[in-house]
Structures are given as C-alpha cells and as structure tokens.
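Everything on this sheet refers to the single structure shown next.
The values are calculated or read from the model by the stated rules, or taken from the named source; none is laboratory data. All values derive from a computational prediction rather than experimental measurement. Note: ideal-geometry Cβ built from the backbone for every residue, glycine included; neighbour counts use all protein chains shown.
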C-alpha cells in the first residue's frame, strides 16, 4: 500500500474515531435538565406623602357630612341638616269657585220692571283661602290670581251685570267688573288675571260683610215680561292663587323632627383608646324668615361611644323642656325686603358641657331629636306673617379642632391584597425584605402593626411577628417657640426592615387581606404629662416602601 | 489539447470531502475564507486583493453557467457567533454528574461565569455570496476582472445583560446599570456588478482596483439601539431609557404609522400589504450604491512579497420601499402612589406592565438613508520557498456593527496553474482553533475548489463559533508564461 494511501486512511480513521467523542456532546438522552440560579431583585413598592386630610378621607366612611376646614390649623366639621322648611311647603292656597243664579223669583223680589229697568242683587259672603293650616289671615297681599267670570243666560232683555269685590283692592281701588248683556241666549267668559292685589280679611267674620256683590240690571226694552224660565247664572273662579305676604295669626303649631344622627365616620376606624380634644364645639345654626315666634329645643341629645358602646348624654344643650331657645324672626317693618334672621345656638363646648369628655370617649354618632313650636304664647293677637320666600333652615354643626392628646388611640383599616403570582414562581421566592422609610411630620408617636388574614378571616401572620405593636416612628420635633413641626427639618425619620422568609412566604401567599392597626400616642413631657398638640394643615408623613426579593431556582426543567 | 486526469488524486479528494461533509451534517459552516488570500489558483482570490495576479490567461464561471455552474454552485457561506460555542453551554463536567451532559446553568456560579464571559453584545452573523457570473482575462500586462455577485449578510444582536439579569437580579448586578443596548438586527441584500483590473507596473509592483455598482434589494439597519435599566441604590426606583432608530427597506409592507390606540394599551400598526413581485424585487435598481476595491502587491526582495488591499469600501443609498422608525421613551417607576394604594384600586403588576408597555413613542417616516458596506482591510506578506510553494501571514480587519473584527492568518500555499492547496491557521479574538484547508481539483480547464478556515470545527463542532466554507467551479484557461513578476 502506498504511503500516501496509508496516511489518508490513518487520517480518516482518526477523524471517524473522534466522531465518537463528538457524539457525546450531542447525546441529549444524557442531558441533565437541572438549572440553578440565585438572584436578588429590588423594586420600589410604594411612595407618597400623606397629609392628615388623606388619612382622614381614607378612614371616613360617611363622606357626605365630613369636611376639613384648613385654615392652617385643621378643624373637622361634621354637619347635619335638622330642618329645612319653605313657605311653599307650609302654605297652599286652593282654588275657589263662586256661583250665583238670577231667576224669576229674584225678579219678583226686586219688584219687576219700574221706570224702564229692574235691579236684582245677590251677595257671596265667604272669603277665599280662609282655612289654611288654622291660619287666621288678616290681610293677604296676593301676587297673582287667575280670575274667570262665566255668564250663562237666556234672558231676552238687555242689561248689565256688575260684579263688585268690596274686600279686594286692585290698582288702588275696590275691584269691580261689569259685563254688558245684549239679550237672548248668551254664554260669556271673561279671563281676568289679577296681579298684586290685596284681600282685606279684617271683617270676614262680620255678618254684613260681603266678599262679592252681584248687581244685575235689566232694561225694559220691549222684550216682554221676565218669564219663569228665564235665568242668568254667573260663576266666579279664583285659580292659581299665589300670595306675596300673608298677615294674620298662624296658630300654635307643634313640630317634632324625626330623630337624626350626626355620624363620626372618621372615628369609626378607632378600635380602642381615648383622647382629650382641646375645644370641640357643637352648635345649631338657624335661619328664620317666617314672621312668627318659634320655640326650639332638643328633646334628646346623646352620643354613642365606639369603644364602650355606651350612650352618653350630652349636657349643656338647649333642651326644649328646661331651657328652650326662642328664635329670632324678621320684623314686619322690613317687608317687602325679606331678610332672614340668623340665630346661632350658643355653642356647646368643653366650657359649658361635657362635650369634651363625650368626644374623648370616641363617639360613633351623636343622636338628637328637636322640637319646634310656632306661636308658643297661643295668642290670636300675635301678628304673624308669611312671605312666599320665607324659610326655616336649621343645621347642626360639630367642629372638632385637631388639638388633642391621647395615651393611645388605635385606628384600624382593612386593605385587600392579593399576591397574584404563579405558584411556581412563589416556590422560588426564598426571602422578601421590606424596607419601610417613614418621615413623621405629625405630632404623635405612631406604632403600626399589620395582621394578614385569609379568605375566612383567620389570622395567618403579622407584619412584625412576635410583637403586638412595634414602634415605627416617633413624633416630629415640635419647636417649643412656634409650637409647630418644621416639615423640612423637623420630621423624625425611621427605617424599619421586615423580613419574610421560609414559612412566612407561604403565609403571605395565602393572605387575602391585611388589617392595619395604627396607634397614636402623644409624647410625654419632662413632667411625665401630655400636652395638647395641634395639627396644622401642612403636616404630612412621608412613606417609601421598597422590597428586596431573593429568588432561588434549583430544579429540573 | 491533452487532458490528463489523476484518478488517485480524485479519490483522495473525494474521501476527504465526504468525511468532512458527514461531520458537518449537523452544523452550519461559514466563515470568511481568509485562506483564499494567497490561494491564487482560485480566481475568486482576486476578491480579497484586486492586485492578485494569476498564472493562467483567463477564467470564467458562475451559477448561470450551464451544468458546471450548478454542480457545485459557487457559494460562500459564513456563520459567526462572537461569544460562545455549543460546548460552552452543553458539556460533561464529570464528578457527581457522571456521564451526564449538563447545561452551563446547572450551577449558579458556572452560569454567572459563563454570562460574564460573553461579549457585551452577543452577535450571530450569517453571510452568503452567490457568484452569478465571473470572468477574467489577460491582455499584455493587465488582468481584467468582471463579476456579478449576489450578497446577503445578516446579523442579530442581543445584549449580554439580558442573560446576566436573571442570574444576578437587578439588586446584585455587577455593573452600575443593566445595559440592554444591542438588541437588533442588521441585514443587507444587494447585487454587485464589478469591473476591475490588476496592472503590472513593473515586475515587482502590481496595483489593482475594482469599481463596483451596488443595487440594494432589502435592508434592515439599526444605527441606534440604546436601552438601559437603572436601579437607584438608595430608593430602588427604576429608570428605563430606550432610544431606537430603525431603517427598513423591504417590498412586503407599507408601514404608515405606529401608534398607541386611544386607550393606550395596544400598539396599532397602520400598514398595507404591497403586491410583492419577485421579479421586480430582483431587478430593483432604485437603491443604488457604489464600492471600490483597491490593492497593491510589492516585492521588495527576491522571493518576498508585500500585499495590501481594501475591499468593499462603499455605500448604498436606500430610496425605494423605505421606512424609518424612531422609538424613544423613558420609564420611571417609584412604586404605587400611597393614595392609590389606600384606595385599594391598584393592581401593582398591571400598573408596572402598562407603564412599561407604553415606554416608547414612535415616529414613522419615509426618508432616504445610507448604509455603508462592511469593508475589509488586508495586510500581508508571503515568502516563496519554491516557484509554486510559499508561506504567508496576513492580517484582516473587517468593519461590522461598528466594530473592527481582526484576525491573523498563517498559511502554507501551493499554486500551479489552477491547481493548488492551502493550509491555514487563523487567530481570532477569543478563538484560537481555526485550522483551515483548501484545495482545488483540476481536470483540464475545469476546476472545482473547496476551502474552509475551520477544519477543526468539522471535527469538533461542539467548539465551533466561526465557520465559513466556500466552494465552486470555474473554467481556468491558458497558461501564463513564466515571468518573475507573476510568480506567486
């Protein structure tokens, strides 16, 4: 064999033998799919600067009657409308219809034609709108009435029908209206809108007083005698009656409002503890533009405590039976310009009642019932008036300046949480480390604990295991001169770490909610007492939460 | 003309070719053929140095030549991975793993070491050149060349930090920020018409040049692919910045706009499908460019030659079927705002995903742009031991993806009137296993050749990272009389 062929074969064999080694690398039947990777991830979870407004808004569950008045200091204001009455709610003026018919009898009573004519008269004595809620009207200034006079007649004689309203003054004179009759069967309708007229009710109970006088004058113009079948019917309708002012005596009217509650939604999140508030105030603001004396007072005034569930009577209030309030009313002299009279029930405050203690017991609500009595003296000589725009508006207001001290007020809030991660991913999480940075610009120490619960509300774990409460951060530094915490330099900062590993990671997976407990405590001074601290509008708490997560993958694919 | 066929030589060549082919059945082969530089038996060596001279009078070949142009077709196929080989990922560590094959990620330390050892941008590049037609002939002291070549080059890039990120996490990351730049692709398809000549100034000095008209067919160019993720060490806040420029030339889609829908949670592509006509595509002459090759050979001493050449120095101006897309954005994430958290109304994951999804703002236009052709710089010298046998060394620098990829090739070369062989050894960055071989089989005027720079990759494909192979068939005609200046 030639040398070159030997070399070629040797090389080929070497190559072929090496293919066996190569094959090892591509023998995927022997491939181990084990992978291992250890990584650490950091990510920002949450951030923000919470003002007291943010916290209270989050805690409040009533929202409708809760305001924060921020004029540097913070005042919580809760309001409730006790009553709001308008004149329209109070007085309604019904339509009135008058009907009179002239017949042969009236003709005969008038003596028949004499001197070429005959005059027949009839009267209506009843006044309109004479019974409105027992109102005794003396004068009615009417804004508008749709007056309609309808005449139906078959009298063949010509003549005149005059309708006179002696008690109605219109355009400065007694209101009279005349209709000419042309004889024969006739149907006449006259629409007369009366604007701004006056009805004088002073003599309505005098027997001779007429409200409407009908004078039918027929002319003897050769149409023959007045037959027995002849007649004339007149209807006077007063509709769409609107008054401007009613003067008179409304009578004695008793009005008991339904029980109402002013709810402290923001305090419902408090589970325990008490506090002393600096200067809470409860007052009633009444706007009255009805021209009548009113007696007002509470028949019931108490609070229910969130923490003790007891009812606590509130003292110092104007109780109806013992020290009622007589509301101011506008003077008749001010009409027609109606100016409501404001009356503020002097505030129930810590100085004249137990409202401070009541608030310190953390009320869930204040329950009250009020009573009004119009014309308490019940004298018909009393002059009342009701203007069409008269209102009676009664509002209960509770102002709570945020100036308080507490030895431990615990707020609770529940947040939904779902760690929506694939279970295989959860198995790889070995450790979670939360870093919570807080800058406390509030004048209270704040302790926070979180309890994780499952879908059945069973406790699974806590944010700070092994401790019921863990001090998170102390109060901001109050400047002794200004009494304020400088929000740039005076915040107390604290960094807290929460480590979750092992079984705790599995607990976190099962958690559906976290209940947050926050305990506020006023710092003790060197005398071991507590001072009242004021919350200012610019106070805030900075929070930054980051997490470090260790993931270990050590498995077969 | 008498044609002698060396049957034994044919057998040897066939056995070797088959062996290598079998071994290569599961691998892609491709690398620029550096061994071609002194392999002047093969006419395409003029592509590397237009000053190359040949000891035959003429040649022709190409895909369009009946029968000989297709068996085998004249192809150059190259594949490059700049970072790792198969055996870097799958290997047998032995020990407790016994005979098992493991992934490099079977151990966290090994996995990190592997990832840290990768290039900052991992690239996979592919190129193929198809000689449609080439022709060369000699007149007096000038050797003329003409060629039509279809060139396709493509590459994709991926940032290394994308692999390092899951292995370290962003908290333990070894660098100040996570560099996600380098995502992208580049591709170019063009046809090159070249006309050149090698001129013998004197027996010791030859200059050559080739002017080429380029007709661009399709292109993907991403001149900017910046993206990075910063995590603040104190606050852990995220900041992700992205800035991409993409230029496309393609005949399939007319992209009018890319925008977010009114809800901002879906990306809308306003596009129309074009009528794609393959003939129109292949004959498209609107995207014009030009390039030049320049070369020089100088013999300062007897038997010693110095060579220098630069090839594919040029550009293409893309005008037809052009789309430019700019995407830029910044994502800052500090976590959930506490007010939203207290409202119980926020889905943390959805918040992050939505914000990250809308990272980019897009701007679409249709402006002409220009790309440069990846050029090559060659510097070399060879020494003639005999008239036909020389040893050489050659430096090659290739401009690709803003990088200059360098290599140094040592070669043993034999050339005689269209017959020849070459053995090479090439040093490349982080790759020292490039043993190459090339040979021709000549039967009269018919010449077929094969060359590769990575023979060992055929034997050890698990270590292959840069593979190239070229083969083809030419007709080599005439015999140049011996002349000192033309001796190689």
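Picking from residues in the stretch B:426-476 that are in a loop (DSSP other than H, G, I, E, B) and under 19 Å from the mean Cα position of the chain (by Cα), the one that is modelled with the lowest pLDDT is B:430. Residues that are farther than 30 Å from residue B:231 by Cα, within 14 Å of chain B (Cβ to nearest Cβ) and buried (at least 16 other Cβ atoms within 10 Å of the Cβ): does the stretch A:516-537 have at least one? Looking for residues that are farther than 30 Å from residue B:231 by Cα, within 14 Å of chain B (Cβ to nearest Cβ) and buried (at least 16 other Cβ atoms within 10 Å of the Cβ), one finds at least one in the stretch A:516-537, hence yes.
The strands (runs of 3 or more DSSP E) falling completely within the stretch A:265-320 that include 3 or more residues that are under 30 Å from residue A:341 (Cα atoms) map to A:281-288, A:294-305. Could you go through the stretch B:277-292 and let me know if any residue there is under 30 Å from residue B:390 (Cβ atoms) and surrounded by 15 or more Cβ atoms within 10 Å (Cβ to Cβ). For the stretch B:277-292, residues under 30 Å from residue B:390 (Cβ atoms) and surrounded by 15 or more Cβ atoms within 10 Å (Cβ to Cβ): present.
None of A:40, A:71 is surrounded by fewer than 19 Cβ atoms within 10 Å (Cβ to Cβ), modelled with pLDDT of 85 or more and either away from chain B (no Cβ under 14 Å) or over 29 Å from residue A:258 (Cα atoms) (or both) except A:40. Take the conditions more than 14 Å from chain A (Cβ to nearest Cβ), surrounded by fewer than 20 Cβ atoms within 10 Å (Cβ to Cβ) and in a strand (DSSP E or B) and apply them to residue B:135. Does it pass? So residue B:135 fits the description; yes. Just a yes or no: is a residue in the stretch A:340-355 crowded, with 18+ Cβ neighbours inside 10 Å, modelled with pLDDT under 80 and not in a loop (DSSP other than H, G, I, E, B)? Checking the stretch A:340-355: at least one residue is crowded, with 18+ Cβ neighbours inside 10 Å, modelled with pLDDT under 80 and not in a loop (DSSP other than H, G, I, E, B).
Restricted to the stretch B:290-341, and to residues there that are within 30 Å of residue A:417 (Cα to Cα), more than 34 Å from the chain's Cα centre (by Cα) and in a strand (DSSP E or B), the residue that is farthest from the other protein chains (Cβ to nearest Cβ) is B:331.
So is residue A:415 over 19 Å from residue A:306 (Cα atoms), within 14 Å of chain B (Cβ to nearest Cβ), outside any loop (DSSP other than H, G, I, E, B) and touching a residue at least 24 places away in the same chain (Cβ under 8 Å) or not? When the stated conditions are applied, residue A:415 passes them. Any residue in the stretch A:161-182 that is outside any strand (DSSP E or B) and either touching a helix residue (DSSP H, G or I) at 6+ places or on another chain (Cβ under 8 Å) or surrounded by 15 or more Cβ atoms within 10 Å (Cβ to Cβ) (or both)? Looking through the stretch A:161-182, none of the residues is outside any strand (DSSP E or B) and either touching a helix residue (DSSP H, G or I) at 6+ places or on another chain (Cβ under 8 Å) or surrounded by 15 or more Cβ atoms within 10 Å (Cβ to Cβ) (or both).
Among the residues of the stretch B:69-96, the ones that are touching a strand residue (DSSP E or B) at 6+ places or on another chain (Cβ under 8 Å), within 11 Å of chain A (Cβ to nearest Cβ) and either over 21 Å from residue B:117 (Cβ atoms) or part of a strand (DSSP E or B) (or both) come to 2 in all.
For residue A:436, indicate whether it is buried (at least 20 other Cβ atoms within 10 Å of the Cβ), within 14 Å of chain B (Cβ to nearest Cβ) and in a strand (DSSP E or B). Spelling it out, residue A:436 is indeed buried (at least 20 other Cβ atoms within 10 Å of the Cβ), within 14 Å of chain B (Cβ to nearest Cβ) and in a strand (DSSP E or B).
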